[in-house]
Each structure stands twice: as structure tokens, then as C-alpha cells.
1. Would you mind working out the magnitude of the charge dipole of the protein assembly as shown relative to its Cα centre, with +1 at each Lys and Arg C-beta and -1 at each Asp and Glu C-beta, to the nearest 20 Debye?
2. Put A:Arg349, A:Arg487, A:Arg255 in order of accessible area, largest first, 1.4 Å probe: what do you get?
3. How high is the relative contact order of the stretch A:603-651, in percent, counting Cα pairs under 8 Å that sit 6 or more residues apart?
4. Spelling out what I want: for every residue of the stretch A:96-110, take phi, set θ = phi - 60°, compute 6.51 cos²θ - 1.76 cosθ + 1.60 (Karplus), and round to whole Hz; glycine and proline get x.
5. Per residue, how large is the accessible surface of the stretch A:78-285? Use a 1.4 angstrom probe and give square angstrom.
6. Under 15 Å from the Cβ of A:Ala370, count the other residues' Cβ atoms, weight Lys and Arg +1, Asp and Glu -1, and hand me the total.
7. Taking 40 Å² as the minimum loss, tell me which residues in the stretch A:387-403 lose that much accessible area going from the chain by itself to the full protein complex (1.4 Å probe).
8. Per residue of chain B, what 222 nm ellipticity follows from adding -39500 (n - 2.57) for every DSSP H run with n ≥ 4, rounded to the nearest 500?
Amino acid sequence: MLNTVAVIGYAAPIEVACGSTVEFKLSSATLSSARAQIVKIRCGDPDPSGPGVQLIAMPSPLDGEVALTHQPIHAGSCGLVDDAPALRALDSFSIGCWVWPTLLDAGAQTVVARWREDTQEGWRLGLDAQGRASFTVAVAGHTCSATASRALLEREWAFIGASYDSTSGQLEVFQRSLDVLGGRDRSASDKGSAPRHAAWPAGLPLSFAAHLRDDGTLHLTAAHFNGKIDRPRLHAGVHSLEALRASAAALRPVRGDTDLVAAWDFSEAIGSDRFVDRGPHGLHGVLRNAPTRAVTGANWSARTPHWTEATEEYGAIHFHNDDIDDCRWNTDLSLDIPTDWPSGFYSLRLSATDTDGQPAESHVPFFIGAQPGQARARLAFVASTATFLAYSNSAIRLDLQPTEAMLEQLLVLGPDDAYLQEHRELGLSTYDTHSDGSGWCYASAARPILNMRPHGGGYYQMDTRVIDWLDSTGISYDVITDSDIHRHGAQLLADYGCVLTGCHPEYYTQQMLDAFETYQAGGGRHVYLGGNGFYWRTAFHPTKPGRIEIRRGLTGTRTWEGEPGENGLSSTGEPSGLWRSNGRPPQRLVGVGFDAQVFDRGCAYRRLPDSLDPRVAFIFEGVGEQEVIGDFGLRGGAGGHEIDRVDTRLGSPPHLLRVATADDFGSGGLATPEEFGVSHRGLGGDQNNQIRADMTFFPTARGGAVFTTGSIAWGMALAHRGYDNNVSRITANVLRRFIDPAPFTGFGASDEEAY
Amino acid sequence: MLTTDASQARYLIDPTRLDLAREFRRVPRGHYSLELQQVLYRMRWSGVGQRHVLLMLEPGRRWMLAQLPARRGEPLKTFPEQVFTSIADAEWTVFCLRWELLTGESISNLNLD
Ligand SMILES: [Fe+2]
């Protein structure tokens, strides 16, 4: 078995341009060195029924042995406030905040602290292993605690707080449930006594949702809290629960409150990794590992579901013990990308023999995207990096019980999946849930991603099958990345006569949609060879390259559901969810939109009357009128996996020609939830003619046009019989015609002018 | 919060319906009759810690039987004596395991070809 995980790593940045620098951050728990080489990826899919893994060595100064060390990943999010005189000088004090715990059996969890675990110094407020509010103070080597008498409830708000009286040494801890009905009241308190006149450790940050392990410069943390923390308040002196709760109820601190030390307001700077203190000392902080922001607070009234319209009700942050944003590894290798390298999918290949004597081959992926004004071809292939990141380290087959029923086959896991099962610190995908069951909203490229590289699985692999086919045709092309389209807009697309999106361009930002619309309207030609594309409204973080965000909303094919009020993107303030729910269904852009998943078997296409229209004769050159199209490929058909159909009510253009369809899926064709309003029998493909993959063509303006196949499986059929098949022929017919600047004619008087 | 109950699937498999086992033996992957769909649906909800999977040893060529643990972070349980060179054999082996678990009757020694 090929060992693909003996070395793991990531490239920073994940996307580079020729002439710029990429750094590689590597780790191995078992090997001290490996042989390094850059490769360009023609095909990453190891399936022997396809072309197999095809890599092109790219000689570079990196060729040779690289020394390896083990670089650990420290998962778990938290907030850190640098030590300050106002924190060190605390004498008697009180602290409180709202909490919404989500995983009480995760062991003791710290909510807010200035605590060093190694020396057991300082103070901390949190939940004990039984889920009870607990306050600990260490004074002169004595550790004293007070712990409430009963456990909080998961996913229920409670105000928790504590005080230390330095003159008497008395400790107090309390918890008060927000909803006290139906057995939900878990209000309780406790007192304890500690030595008087505590002195607090210097140089130690105040932390939220964890405490510090030691005084190291990395500020490593432990005892991560799972759940939301809302409106923490720190006061000098001893205050009651009621007083602290009133302090939190005032969204802005009351002027003249001389006891107030800090009033943190997590509703400020929601799009950033910073958080703000509205108290008198400016005790602002930073967040580590991207906890979820723009989440509802204890005061959320539901008068609006969108955070930008009531930020004061979004003063909470949801922390997770498995959040990971940036591994912060040291750089092992770096490369200035030669200016004459072609754009494309690349990786750093690391080869060695593992400790069992087995061959080890690991890849660290990156993309070289052609930049605006630097086109070297008429055709551009779009690397769907937002989609690859959305799926990065997907564990749905490991964690989601219904996956086997959904995929209709015994699950096949690779060595990468087995590794991920054991190494959850890598962080999962936006399809997965955190250890507390809440969904992953963010995905970052600053960590090893196992399913975005040769020999792995997933949609990255499928898109390399399209690249392999392009290489087989001799049609020259550039690779551009979707995030460059996001950044540079339509000018990047305008360099090309035709732009090709692959098997599954599912995650799109508004800027990317706008760029495609402008491109199409300006005479650009767009070939969409996939299914379930242009589906989720997504954000690239404005200042953190390689971090995407998605909220799953309340409809769509989704593996978790967004919480009410939490479907706005924290990075940009936009609503998330389906583009269809945001007034821009994919049908409007590309003529077709998602209708069903079909995993049990593929289906061939048959030509429809529109295909005989002489204006689109070029598509079927060399294909008979009655010829069955694509009765091969992924589970036996070029139609399948996820499929898209025409719907004029959802925006498919009037000039669209539906030239072929794959519509004989049987009961394994399952409608996506947004395709039906009420449940009834007969929604499956055996009884429902809306379950189909439509092949379409339509003209746009100024000579522009769009061609779609409406199926993820299409790309997987291209290499059948040595690329000599009608899926390959149709695709090549379309691309060659789309690259040819000659206008499409005959689509109506008003359009003729524009052509 | 949208959640899934790992034991929500329900269907009583009739142990006398060997014709359905025979159908699966013939077409382990692809389109099934309605009754076989119901049997397989029940079988594929095997429950927390009970889920059999295949671990790929060589892409498209060799697979080992394995089982997913109940908790995240724990290693896969593997069965090194159960290695398959055909997906159909692997599917059949797991079908027989599940048939026996759900009906109490073994079919692995019957000739159902
Ligand atoms: Fe998808």
C-alpha cells in the first residue's frame, strides 16, 4: 500500500503566480528526510479504469533531499488578551458572561481565565467535567475552587459568573438559566474560601474558551470550551450575579462605573480575527483558529435573521475544541516560480521509503494561476479552489451515518481517510460537523489537505480528469483560479475566447458570478462540463487568502443545517445559503441548475429535437441522430452523480436549446430538497421527469454563448476507450467551435445586430 | 438543529426471501428491485461502531474489510484476513454478515449463484 501520509504539509500561499514565491511547510512523525520534486498534475486519479496518475516532473532548485521534522497541529479556538497592568493589578474582582455550552462531556472546559496549567497559577472560570460552573483561584501555592451543584444543559443559555474577595479570601460561583421552564432551570451557586490578598502571574494573557498551558511564546492552550460565549464583563470588587448580569445587559458600559475593568463586545469587528473591549483600559484581543462569529447571543430576539441588521444581538462567539485555521508551521522549502512555467495544478512530491519498508509518496498541492493580461491561450480552465476548500478533509463518510445509504455502495476508504479518522487535528470540511455537532463554516488552506492532491479522492481528482483529457486533445489552455476571478473580476476572463468550468464548480462568491455575467454579456463563451454548479453563496475572506466561509441555510442538499439567525457570512456581511435563495439561480447564468443526486448508476444521454437545429449542428458533428451518448463512465453513464436541468421559471433563457438529456435514472434519482414543497410519493427518477441532466446551448450577446452538460459524471467519461468516444467528441466539437471567434448566427433579429 | 438518529432505519428482512439475496449476488452495485432496495437500505444503516467499510490497499484492485469505530480519533478496526480482489466479493461478504446479524440466519454457505 502506497503510504501517502508519512509526510504531510501545506503550501503558503495555496495559489501563486509565475514570478512569485511559494513556501512549503512540512511535517513527518516518522521520517527524517524525503526526496523533493515539483510536479505538474495531468491526472491525479489513481483509478485503474481511467488514465491513472499522470505527473510531469518540473525540474527546479528544490530537487533533492529535504530534512523533515515533526510539526504538531494545535487545534481548538480561543481568544487571547495580552497581559496588562489593569489585569495584573486586580485585587478583589468579579467576572461573568453568558454561555451556551454544546459539549458537556468533553472534560473540564475553561470559559475565561488567567491561568497557567503547568504551575497551576492564576484564576479561571469554566465548567467542570460534570458541566457545572466552577471557579478556581490559586494563591501562594494553594488551589481553591467553588463549583455549582448541578450541571448546565447543552444548547441552553445560562449566565455564569464568579467573584474573589481579596480581603476575606471568599470565592463565589454562580449560574443562572435563561429559560427556567419545563425542567430547564439549572440555576445554582457555591462558595469557597481561599487565602487572602492574591497576586496574579505576570506576562500571562487573559484567555477565552481555553487557558494557557505554560508561559511559552507560542501561547499553547488547553481545556478548550465548546459553545458560545457572549458579553463577558470583568469588574473590580465583589459583585452579585444580578449586578454582573445587569452589566452585561447594558450593551455599552455605563459611564462613571469606576469598578468596570473590561466589557468585551464580540459584536464589533465580526469580519476579523480581533475582538474589542469597550471598557476603560482597551483590553482588546485576538482570536486564534477561527471560532465561528456572527452567531446569535443570549439576547437574540429574532426580529431579523441577519446579523448586520442587529449587530448588538450578535455579541457571541462559538468556540470549538477542534477549530483549526492556521497550523503556523515553519517553512521547510521555498520556491520562486519560474516565469516560463505553464499555469496549472501543481504539487511538491515527497518520496521516501516508510518505516515499514513501503513506498511513501506524499503531495503538497498548489496552483499556478494565469494572471490578467498574461493569457497564453484562447481557452482558460477554472480551478474551483473554493469548492476544493469546501470539501477539504471531508469526513462525511467517516462521521455521517446515512452516507452509505446515500452513495448506495459499501464505502471505500483510502489511507488518507484512515489517517483523518485518527488525526482530527487536521480540521474537517464545510460538509462536516465539529465535535459538538455544529457545522464547520470556515475552511482554511493553511493546514494539510489530504483530498486535494494526487492519489486522493474527491472533486479535485475529477477535475484533473478533465485536464488529462484537454492534454490529450492538444487544445492549448491556461489555468486560472476562481479566487483570481473573485479578485480581478471580468478582466481576467476577458483575456479568453472561452472559459471552461469543470465537474463541480459548486461554491461561488458574488464577485465570481458577476465576473461570469459580465464576461458572457461581453461576448465571452462559457463551457460548463459539470453538475450542481454555482450553488452556494460563498465568501473568500477579504484579508486572509485561502480561507472560505459558507453557511448552510435552511434548504438545499446539505449535511448540516445552519442555526436560525446564523446564515449570514461573518467575513463579508452577505447572506449565505443557496444562490437560488439569493435571487440568482444557476439556471440564469448557465441555463441549468441542480435537481438531483443519483449515486446508484449513471445514465446515457439521448438527442432531442433541438439538436437537429442547424445552428447547433457543430455540437453533434460525427454523432448519429439516434446515437446513445455516454453509456459508459462513472457507474456506467456520463449523466449522473449530481445533475442539473433546465427551468425557465428559474431563469433558463428563452433562446436556450435543450439539445440532449439523460433522464432514465430510475428510483436512484433523488430530488434535492429545494425541488419540492411538500413530501409525496413519486419524487424519484422512476416517476418524475424533472430528474434529469440537460445538455444545452444558448447565445448570450456580442457573440457570446454557453454550453452545459448538466452532470458531474460527464468529465469521468471523457477518457473512455482511449478518449475515442462520443462524450469526448461532443466536448471537443464544442470547445473548438467556442474557441473560434466566428459569431453564432440566427438567434433572432435583435441579436443579429449585436453579433 | 437538524440531526440524524443512527438507528432510524426500520425494515424487517424476511429470511426466506433468498431470491433477494440472489439478486444482490447477481448485481451487487447498480439498480435493484424495490424489495431489495428496502433490504439494502436497512442494512446500510448499521449503527454507531458497527459500520463495515473497505480500506483500499491498491486503487481499483485490492481492498481490506474494516469497521468504523464509534468515536472520532480512534483507528479503523481492520480485518487483515479478509482481503478482496473484487468489489463484488467484498459487497457479498458484507451482505452475508448483515443478513445474519439482522435475520439470525446465515446464508454465506448457501450456493446462491
Ligand atoms: Fe457538492
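The values are calculated or read from the model by the stated rules, or taken from the named source; none is laboratory data. Keep in mind it's a predicted model, so treat the numbers as computed, not measured. Here Cβ is always computed from backbone atoms with ideal geometry, including for glycine, and neighbour counts include all displayed protein chains. For the accessible areas, the whole protein counts, side chains as well, though only heavy atoms, and no ligand, DNA or RNA atoms are used. Shrake-Rupley method; radii C 1.70, N 1.55, O 1.52, S 1.80 Å.
1. Working: 78 positive and 103 negative charges, 126 e Å.
Once rounded to the nearest 20, the dipole reads 600 debye.
2. On the way: A:Arg349 55, A:Arg487 140, A:Arg255 225 Å².
Final ranking, largest accessible area leading: A:Arg255, A:Arg487, A:Arg349.
3. Details: 39 pairs, mean separation 22.2, N = 49.
Contact order relative to length: 45 percent.
4. Result, ordered by residue: x, 6, 7, 10, 9, x, 10, 8, 6, 8, 8, x, 5, 10, 8 Hz.
5. Accessible surface, normalised per residue, equals 38 Å².
6. Details: positive: A:Lys40, A:Arg376, A:Arg378, A:Arg487; negative: A:Glu15, A:Asp340, A:Asp478, A:Asp482, A:Asp484, A:Asp495.
Spelling it out: positives minus negatives among the neighbours equals -2.
7. At a threshold of 40 Å² (probe 1.4 Å), the residues of the stretch A:387-403 that become less exposed are A:Gln401, A:Pro402.
8. Values: 3 runs with 37 residues, N = 113.
Helix contribution divided over all residues of chain B: -10000 deg cm²/dmol.
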